[in-house]
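What follows is a single structure, written as structure tokens, with notes after it.
The values are calculated or read from the model by the stated rules, or taken from the named source; none is laboratory data. This one's a predicted model, so the numbers in the text were calculated from it and none came from an experiment. Neighbour counts are summed over all protein chains in view; Cβ atoms, including those assigned to glycine, are modelled from backbone coordinates with ideal geometry. Note: areas computed on protein heavy atoms with side chains; ligands, DNA, RNA excluded. Shrake-Rupley method; radii C 1.70, N 1.55, O 1.52, S 1.80 Å.
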Amino acid sequence: MFHSSSQRKHWIFSSPEEIHEQRKGVNEKYYKAHINRCKKKDPSSFFLRESEERSLLRYYEHLLRDFCRKFRPPMPVPVMGTACTYFKRFYMNNTVMDHHPKHIMLICVYLACKIEEFNVSISQFCDNLPRGNEEASENILNSELLVLQELNFQLTIHNPFRPLEGFLIDLKTRYPLLKEPELLRRGAEEFLHRCMASDAAFLFTPSQISLAAILTSASKQKMNIDRYVTESLLGGEKSENLKDIISTIKKIKQLVAQVPTVNFEEVKRLERKLEHCLNEEFNPESEIYKRRLQEQLDFEDDDGMMGSKSLDNEDFDMD
């Protein structure tokens, strides 16, 4: 249940301003930790600003959804929804200057496949990538634990797609005045897909988002379901509660309508800027990262050998 979930307890914010302050704090923390890299340059011209991070992440969220849509075998929509949520959550506490989104994006999708029980092997997964499968699979598996830790191992995602199905079933059974409820499906699903590009999942419940999707679709189809909402769905509710719900639906619609489109020229500029301020210690393509990873593997191998020797000595003493 959503109301007793970690999603509600830890990942719902009180306002867009609170979300902005959280992201701004992460961005400023990176500035302070790496200020010596500026070499007397203006920090805002060397590092990515918080608004620039948002623009870049919006682009990679677009790539994530596109990757999920083109995935073979066809990927269930809830997997995409869960992957998008993981991606957004990761960058609530991290900056793109530490972890490049092109790597985190794939890890989030791979994790979502497992959590949503869409069973694909790592080789099947990487077959959907246009470039070298071996390197991609290594990066995903090596950094999977990092993403899990940054998500606080809170992996159950309540997507709005499930309550959408519930609303459609409810319309069919309890609102006979609406002849073809299925006509609402396409428009509602399109709204939910646009919703993924917003911060709605950090501010509203899945049922509120799916209700906004149904009402938006009904408005476009010129189908009136006001009586269903006020009588069937919210029958007996106080007028104050009804006003609150109407206000919430309006806020969700406004939030989705205000999502900026991806500016691809701007993205190219930001990618070039990111190359200079990226933390190479966390970049799987850097020599520093590869060397540290190899040292860690060597240490684990040595530790395993020492354990074997200790066991051999213990066996010898027992003999």
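Here are some notes:
- Test for His158: is it touching a residue at least 60 places away in the same chain (Cβ under 8 Å) and under 24 Å from Leu56 (Cβ atoms): no
- Against the numbered list (1) in contact (Cβ under 8 Å) with a residue 60 or more places away in the chain; (2) in contact with an Asp or Glu (Cβ under 9 Å, 6 or more places away or on another chain); (3) assigned to a helix (DSSP H, G or I), Phe13 comes up short only at (3).
- Glu117 meets all of the listed conditions (1) of a type in the set (Asp, Glu); (2) under 27 Å from Asn279 (Cα atoms); (3) not in a helix (DSSP H, G or I) but one, namely (2).
- Within region 181-202, not a single residue is open to solvent by 40 Å² or more (accessible area, probe 1.4 Å), of a type in the set (A, V, I, L, M), assigned to a helix (DSSP H, G or I) and without any contact (Cβ under 8 Å) to a residue 40 or more places away in the chain.
- Residue check, Thr156 within 18 Å of the chain's Cα centre (by Cα), loosely packed, with under 15 Cβ neighbours inside 10 Å, of a type in the set (Ser, Thr, Tyr) and modelled with pLDDT of 90 or more: yes
- Applying a threshold of 8 Å to beta carbon distances and a minimum spacing of six or more residues, or different chains, the list of pairs starting in region 27-47 at a residue that is open to solvent by less than 80 Å² (accessible area, probe 1.4 Å) and ending at one that is among the aliphatic types (A, V, I, L, M) reads Asn27/Leu48; Tyr30/Met97; His34/Met97; Pro43/Ile35; Phe47/Met97.
- Counted residues, region 97-115 - those being more than 14 Å from the chain's Cα centre (by Cα) and open to solvent by less than 60 Å² (accessible area, probe 1.4 Å): 4
- Matching entry among Ser123, Ser137 (being over 16 Å from the mean Cα position of the chain (by Cα), surrounded by fewer than 14 Cβ atoms within 10 Å (Cβ to Cβ), hydroxyl-bearing (Ser, Thr, Tyr) and in a helix (DSSP H, G or I)): Ser123
- Pairs linking a residue in region 50-77 that is at negative phi and open to solvent by 30 Å² or more (accessible area, probe 1.4 Å) to a residue that is aromatic (Phe, Trp, Tyr) and assigned to a helix (DSSP H, G or I), with Cβ atoms under 6 Å and 6 or more positions apart or on different chains, are Val77/Phe161.
- Taken together, the criteria exclude Glu144 from residues that are open to solvent by 70 Å² or more (accessible area, probe 1.4 Å), more than 16 Å from Tyr60 (Cβ to Cβ) and out of contact with any Cys (no Cβ under 8 Å at 6 or more places or on another chain).
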